[in-house]
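Enquirer: This structure is in structure tokens; I'll ask about it shortly.
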Amino acid sequence: MRRIGLAVILAASLMVSPFAAAAHQQAGNVPRIGVLVPVEPASPTEPNLAAFCQGLRSLGYVEGENIAVEYRHALGNDKAYAEHAAEFVRLKVDVMVVGSGVPTRAALGLAGAPPTVDPRGAKK
């Protein structure tokens, strides 16, 4: 499981890097990541998400300072996954990180979706 978390961190950081560079050029604009997971609470204290946040910090990203992270969970409700993914599109997140399976399908099926990363490596 730790290997999956590392893969997500690496993939998300590679996708966010161009946005972070652009954000530094525009004062007050920070890259935003939407995180859609099947667990509750969808918070940085959940072990996999804590590893994700630590990985971001190790790359120089500090939540609330130079990056914003929006967390959502759906507890297995397929309709809620699609609603949260659509919300991320409306919020104009720069990249979505999703739990595998249904959350991935919900995110990848959206028109106008930002780059999307799941723990198994599927990306759009």
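The values are calculated or read from the model by the stated rules, or taken from the named source; none is laboratory data. From a predicted model like this one, the values you see are computed outputs, not experimental measurements.
Enquirer: In this structure, is Arg90 modelled with pLDDT under 75 and more than 13 Å from the chain's Cα centre (by Cα)?
Expert: Numbers: modelled with pLDDT under 75: no; more than 13 Å from the chain's Cα centre (by Cα): yes.
When the stated conditions are applied, Arg90 does not pass them.
Enquirer: Still on this structure, please answer the following. Pull up segment 44-81, narrow it to residues that are among the charged types (D, E, K, R) and over 14 Å from the mean Cα position of the chain (by Cα), then point me to the one that is modelled with the lowest pLDDT.
Expert: Just the residues of segment 44-81 that are among the charged types (D, E, K, R), to begin with: 46, 57, 63, 65, 70, 72, 78-79.
Next cut, over 14 Å from the mean Cα position of the chain (by Cα) only: 46, 57, 65, 78-79.
Details: Glu46: 72, Arg57: 91, Glu65: 92, Asp78: 82, Lys79: 86.
Step by step, filter segment 44-81, then rank; the result is Glu46.
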